[in-house]
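Worksheet: one structure, shown below.
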Number of protein chains: 2
Amino acid sequence: MTKPNKRVAVLSPVAWRTPPRRYGAWETVASNLTEGLVARGWDVTLFASRDSVTRAHLHAVVDKGYEEDSTVDPKVAEYLHISEAFERAAEFDLIHSHYDFMALTYTRLVKTPVLTTIHGFSSPRVMPVYQKYRDGYFVSISDSDRVPGLNYLATVYNGIDLSLYPLQESSGDDLIFLGRIHPDKGVHLAIEVARRSGLPLLIAGIIQDETYFREQVEPHLDNQKIRYIGPIGVPGKNELFARARALLHLNTIPERFGLVLAEANAAGVPVIAMDLGSCREVIKDGQTGFLVNNVQEAVRDLQRLSEIDRRACRQRVQQCFSIETMVEAYERVYRTIFDLEAARRS
Amino acid sequence: MTKPNKRVAVLSPVAWRTPPRRYGAWETVASNLTEGLVARGWDVTLFASRDSVTRAHLHAVVDKGYEEDSTVDPKVAEYLHISEAFERAAEFDLIHSHYDFMALTYTRLVKTPVLTTIHGFSSPRVMPVYQKYRDGYFVSISDSDRVPGLNYLATVYNGIDLSLYPLQESSGDDLIFLGRIHPDKGVHLAIEVARRSGLPLLIAGIIQDETYFREQVEPHLDNQKIRYIGPIGVPGKNELFARARALLHLNTIPERFGLVLAEANAAGVPVIAMDLGSCREVIKDGQTGFLVNNVQEAVRDLQRLSEIDRRACRQRVQQCFSIETMVEAYERVYRTIFDLEAARRS
């Protein structure tokens with residue numbers, strides 16, 4: 001395996017600390033990858049906020065993430081942060097960007113190859129930037145979250161730290177929902193499944209759409225069968241998983257990856273997920289949960305939960321969605337890039 | 001004079017067309033400079049929106065200014081627009097940026113020297129970027145609009161097209177205010193001067209602060225002595241200048257340059273201006289108007305308007321604030337940079 005003699009810069013966002021204290025999926029992945037690479041002997045420089053926690057070399061231009069420090073102008077922080085990684089480009093064999101479209105606009109000004117993991121297209125209006133730089137090196141976070149024309153080298157699934165989510169040996173009684181309270185995540189469909197099946201439902205997550213919560217969630221809360229418990233951290237998630245019969249994830253738009261599905265499976269909790277976007281990549285239908293197309297199918301498949309082997313759920317996460325698996329996959333991508341660059345130079 | 005064998009890129013903003021249809025001071029200056037350089041034989045490439053009007057080579061990545069096209073994301077437009085100028089850097093002997101702090105973050109990634117005209121510090125929060133890149137080449141638009149520590153090569157005053165504002169041979173009766181309706185511009189002080197002096201006042205300009213207009217301007221409008229006529233273009237300005245006894249410009253914060261002062265003077269209209277910021281650079285006290293420190297002094301100096309020679313006002317604008325003067329001043333700055341760069345290389 002090509003490694004320690006290569007120097008890698010990991011460009012994390014500066015919205016939050018790396019790793020984030022609570023919310024911040026992109027920073028979480030950048031952190032897991034960085035620490036994993038360091039553990040395997042790579043020389044890594046992490047570009048992130050100054051309060052970040054890492055065993056890599058840390059390069060910072062802002063003290064705190066701009067979401068955590070109102071004195072910082074996000075635009076100023078982004079321009080200063082991104083450009084510094086490129087100003088130091090000659091010191092690295094590879095720059096691995098987790099920073100959306102902005103970093104792409106610096107890539108043609110340096111000789112160092114740049115790999116971009118697309119954690120999501122933040123808006124359709126950013127597509128012209130990806131189209132212009134489509135010949136760069138890209139990684140998608142699921143096969144379904146791809147757009148035509150970009151030079152994808154691989155899909156690398158996000159990896160989670162399985163030690164955070166121990167296996168819950170036996171099933172609980174409740175249905176659970178875990179995620180942002182937003183129509184995209186189908187909380188209203190989970191409620192519908194609970195009502196039709198007569199099973200209790202616990203809802204956890206930040207309220208991202210207040211109107212949606214007020215109109216389509218709150219009226220159904222009765223403090224008994226259907227309850228909302230607010231946002232929760234890792235300990236809260238484990239308590240939730242311990243009480244879970246199944247996780248309901250009836251997303252209404254294509255999922256890009258679906259970290260929570262892997263977390264639930266890691267704890268042995270079967271997942272009933274809408275067959276939209278990446279869900280069929282994360283959940284193996286009939287083995288780690290069920291893929292459905294509507295509420296009716298979700299209610300039906302609740303009858304089949306006993307078919308699911310909880311240990312097999314965790315095993316699959318270990319195999320496909322662990323940090324180790326992710327880091328090894330990125331190592332293969334890096335090696336591909338080093339080979340391509342060497343061929344280009346010779 | 002060093003010229004035609006040098007290739008210059010002028011980087012204009014893409015908020016508006018270059019030149020702007022109405023509002024857009026930075027694009028106006030970029031346009032005046034570009035056309036002036038072309039007229040004097042320079043090989044200029046203007047980076048601006050595609051609908052821009054120029055005799056230079058036009059390079060565009062967005063069809064229209066983002067303020068005129070809601071389908072464009074300003075951030076996307078800025079990143080794509082600025083980076084393209086730097087991607088073409090090797091084709092130019094100089095990049096002249098009118099694009100605030102953002103363009104600075106690309107300057108260390110190219111060999112071509114970059115000159116930045118600071119049209120204004122858009123917020124105190126952008127200062128860290130200027131401090132980082134303080135060794136670059138900078139031009140201020142007035143001596144007063146400088147911050148310590150930056151490598152200023154010169155002050156170059158903005159130039160106006162005097163042919164747009166013919167001399168009004170004789171004085172009108174009215175006081176006039178021309179500018180954004182905003183507390184910074186002291187509309188309320190102009191009204192106070194009108195009331196104390198008993199002279200009529202015509203107010204023109206866009207309403208930028210609705211609350212201010214409603215609370216401190218509107219209550220004084222009587223459709224006779226004090227009138228508001230809305231935003232006006234060049235013909236409207238000339239009608240206003242024809243009726244003007246004097247322009248009142250009682251700004252409450254330091255002026256950065258004060259284009260309207262030069263426009264009024266070009267038409268022969270004396271200016272009574274607050275002695276704050278660049279006003280004392282644009283207005284020559286006792287010759288093209290009066291510098292004052294408060295309303296009382298402004299009322300007093302209205303008695304002295306007959307001392308002002310209207311032709312001398314226009315002459316001074318011709319000499320100090322014409323497009324020709326501006327272009328020649330920039331040519332001197334360019335030559336200084338070419339000399340410094342040649343010395344650095346040898």
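The values are calculated or read from the model by the stated rules, or taken from the named source; none is laboratory data. Keep in mind it's a predicted model, so treat the numbers as computed, not measured. Cβ coordinates were reconstructed from backbone atoms using ideal geometry, including for glycine residues, and neighbour counts include every protein chain displayed.
Can you tell me which residue within the range B:102-119, out of those that are touching a Ser or Thr at 6+ places or on another chain (Cβ under 9 Å) and of a type in the set (V, I, T), is nearest to the other protein chains (Cβ to nearest Cβ)?
Our first condition is that a residue be touching a Ser or Thr at 6+ places or on another chain (Cβ under 9 Å); within the range B:102-119, this holds for B:103-109, B:113-118.
With the extra rule that they be of a type in the set (V, I, T), the set shrinks to B:105, B:107, B:114, B:116-118.
On the way: B:T105: 4, B:T107: 9, B:V114: 13, B:T116: 14, B:T117: 18, B:I118: 15 Å.
Within the range B:102-119, the match that is nearest to the other protein chains (Cβ to nearest Cβ) is B:T105.
If a residue has to be β-branched (V, I, T), in a loop (DSSP other than H, G, I, E, B) and crowded, with 18+ Cβ neighbours inside 10 Å to count, how many in the range B:100-122 make the cut?
The qualifying residues number 1.
Scan the range A:168-204 residue by residue and report those that are part of a loop (DSSP other than H, G, I, E, B), in contact with a strand residue (DSSP E or B) (Cβ under 6 Å, 6 or more places away or on another chain) and farther than 22 Å from A:D309 by Cβ.
A:P200
Tell me which residues, restricted to the range B:126-157, are free of Cβ contacts under 8 Å to residues at least 12 places away in the same chain and assigned to a loop (DSSP other than H, G, I, E, B).
Start the filter on the range B:126-157 by keeping residues that are free of Cβ contacts under 8 Å to residues at least 12 places away in the same chain, which leaves B:128, B:146, B:148.
Once the filter is applied, which keeps residues that are free of Cβ contacts under 8 Å to residues at least 12 places away in the same chain and assigned to a loop (DSSP other than H, G, I, E, B), the range B:126-157 yields B:R146, B:P148.
Is the range A:34-53 home to any residue that is under 26 Å from A:V260 (Cβ atoms), small (G, A, S) and surrounded by fewer than 19 Cβ atoms within 10 Å (Cβ to Cβ)?
yes
Could you pull out the residue among B:V234, B:V282 that is more than 14 Å from B:E192 (Cβ to Cβ) and at pLDDT below 95?
When all the criteria are applied, what remains is B:V234.
Here is a list of conditions, (1) more than 19 Å from A:E297 (Cα to Cα); (2) touching a strand residue (DSSP E or B) at 6+ places or on another chain (Cβ under 9 Å); (3) surrounded by fewer than 17 Cβ atoms within 10 Å (Cβ to Cβ), and A:P254 meets all of them except one; can you say which number that is?
Evaluating A:P254 over (1) more than 19 Å from A:E297 (Cα to Cα); (2) touching a strand residue (DSSP E or B) at 6+ places or on another chain (Cβ under 9 Å); (3) surrounded by fewer than 17 Cβ atoms within 10 Å (Cβ to Cβ) leaves (1) as the failure.
Please work out which residue is surrounded by the fewest Cβ atoms within 10 Å (Cβ to Cβ), limiting yourself to the range A:1-32 and to residues that are outside any loop (DSSP other than H, G, I, E, B) and in contact with a helix residue (DSSP H, G or I) (Cβ under 6 Å, 6 or more places away or on another chain).
Just the residues of the range A:1-32 that are outside any loop (DSSP other than H, G, I, E, B), to begin with: A:7-11, A:25-32.
Filter again for in contact with a helix residue (DSSP H, G or I) (Cβ under 6 Å, 6 or more places away or on another chain), leaving A:9-11, A:32.
Numbers: A:A9: 26, A:V10: 29, A:L11: 27, A:N32: 20.
Only one residue fits best here, namely A:N32.
Looking at the range A:279-303 only, could you name the residues that are under 20 Å from the mean Cα position of the chain (by Cα) and among the acidic types (D, E)?
Within the range A:279-303, just A:E281 meets the criteria.
When you scan the range B:1-27, how many residues do you find that are hydroxyl-bearing (S, T, Y) and in contact with a strand residue (DSSP E or B) (Cβ under 9 Å, 6 or more places away or on another chain)?
Residues in the range B:1-27 being hydroxyl-bearing (S, T, Y) and in contact with a strand residue (DSSP E or B) (Cβ under 9 Å, 6 or more places away or on another chain): 2 in total.
All but one of (1) without any contact (Cβ under 8 Å) to a residue 60 or more places away in the chain; (2) within 14 Å of chain B (Cβ to nearest Cβ) hold for A:Y99, so report the exception by its number.
(1)
Could you list all residues from the range A:317-331 that are in contact (Cβ under 8 Å) with a residue 40 or more places away in the chain and assigned to a helix (DSSP H, G or I)?
A:V317, A:Q318, A:C320, A:I323, A:E324, A:T325, A:M326, A:V327, A:A329, A:Y330, A:E331 - these are the residues of the range A:317-331 that are in contact (Cβ under 8 Å) with a residue 40 or more places away in the chain and assigned to a helix (DSSP H, G or I).
With respect to B:E35, is the statement that it is within 14 Å of chain A (Cβ to nearest Cβ), of a type outside the set (S, T, Y) and part of a helix (DSSP H, G or I) true?
Judged against the criteria, B:E35 is not a match.
Given the options B:R196, B:R125, name the one that is within 14 Å of chain A (Cβ to nearest Cβ) and either buried (at least 17 other Cβ atoms within 10 Å of the Cβ) or more than 20 Å from the chain's Cα centre (by Cα) (or both).
The match here is B:R125.
Taking the range B:61-96 only, how many residues are in a loop (DSSP other than H, G, I, E, B) and within 13 Å of another protein chain (Cβ to nearest Cβ)? Please lay out each step first, then the result.
So in the range B:61-96, the residues in a loop (DSSP other than H, G, I, E, B) come out as B:61-73, B:88, B:92-93.
The next check asks that each one be within 13 Å of another protein chain (Cβ to nearest Cβ); those that pass are B:61-63, B:66, B:69-73, B:88.
Of the residues in the range B:61-96, 10 are in a loop (DSSP other than H, G, I, E, B) and within 13 Å of another protein chain (Cβ to nearest Cβ).
Can you find a residue that is free of Cβ contacts under 8 Å to residues at least 40 places away in the same chain and surrounded by 20 or more Cβ atoms within 10 Å (Cβ to Cβ) anywhere in the range B:215-224?
yes
Would you mind stating whether B:A298 is in contact with a Leu (Cβ under 9 Å, 6 or more places away or on another chain), farther than 26 Å from B:V234 by Cβ and in contact (Cβ under 8 Å) with a residue 40 or more places away in the chain? Lay out the reasoning, then the answer.
Numbers: in contact with a Leu (Cβ under 9 Å, 6 or more places away or on another chain): yes; farther than 26 Å from B:V234 by Cβ: yes; in contact (Cβ under 8 Å) with a residue 40 or more places away in the chain: yes.
Yes, satisfied.
To keep it simple, each residue is scored yes or no on (1) under 22 Å from B:D161 (Cα atoms); (2) in contact with a Ser or Thr (Cβ under 8 Å, 6 or more places away or on another chain); (3) among the acidic types (D, E).
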site: B:N5; (1), (2), (3): no, no, no
site: B:S31; (1), (2), (3): yes, yes, no
site: B:L37; (1), (2), (3): yes, no, no
site: B:D63; (1), (2), (3): no, yes, yes
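Every residue in the range B:128-163 that is of a type in the set (S, T, Y) and within 14 Å of chain A (Cβ to nearest Cβ), please.
Result: B:Y130, B:Y133.
For the range A:135-167, give me each residue that is within 28 Å of A:R304 (Cα to Cα) and aliphatic (A, V, I, L, M).
Residues satisfying the conditions are A:I160, A:L162, A:L164, A:L167.
Of everything in the range B:28-78 that's at pLDDT 95 or above and of a type in the set (D, E), which residue is farthest from B:Y99 (Cα to Cα)?
B:D43
If only one of B:A244, B:A273, B:A266 is among the hydrophobic types (A, V, I, L, M, F, W, C) and under 29 Å from B:V147 (Cα atoms), which one is it?
B:A273
Given the criteria modelled with pLDDT of 95 or more and touching a Lys or Arg at 6+ places or on another chain (Cβ under 7 Å), does B:E91 qualify?
Details: modelled with pLDDT of 95 or more: yes; touching a Lys or Arg at 6+ places or on another chain (Cβ under 7 Å): yes.
Yes, satisfied.
Quick check on this structure: which one of A:Q208, A:Q224 is under 16 Å from A:D173 (Cα atoms) and at pLDDT below 95?
Going through A:Q208, A:Q224 in turn, the sole match is A:Q224.
Within the set of pairs 6 or more residues apart or between chains, which connect a residue that is over 17 Å from B:N251 (Cα atoms) inside the range B:262-273 to a residue that is surrounded by fewer than 24 Cβ atoms within 10 Å (Cβ to Cβ) and of a type in the set (F, W, Y) with Cβ atoms less than 6 Å apart?
B:A266/B:Y165; B:A267/B:Y165; B:A267/B:F241; B:V269/B:F241
Of the residues in the range B:29-69, how many are under 19 Å from the mean Cα position of the chain (by Cα) and among the acidic types (D, E)?
So the answer is 2.
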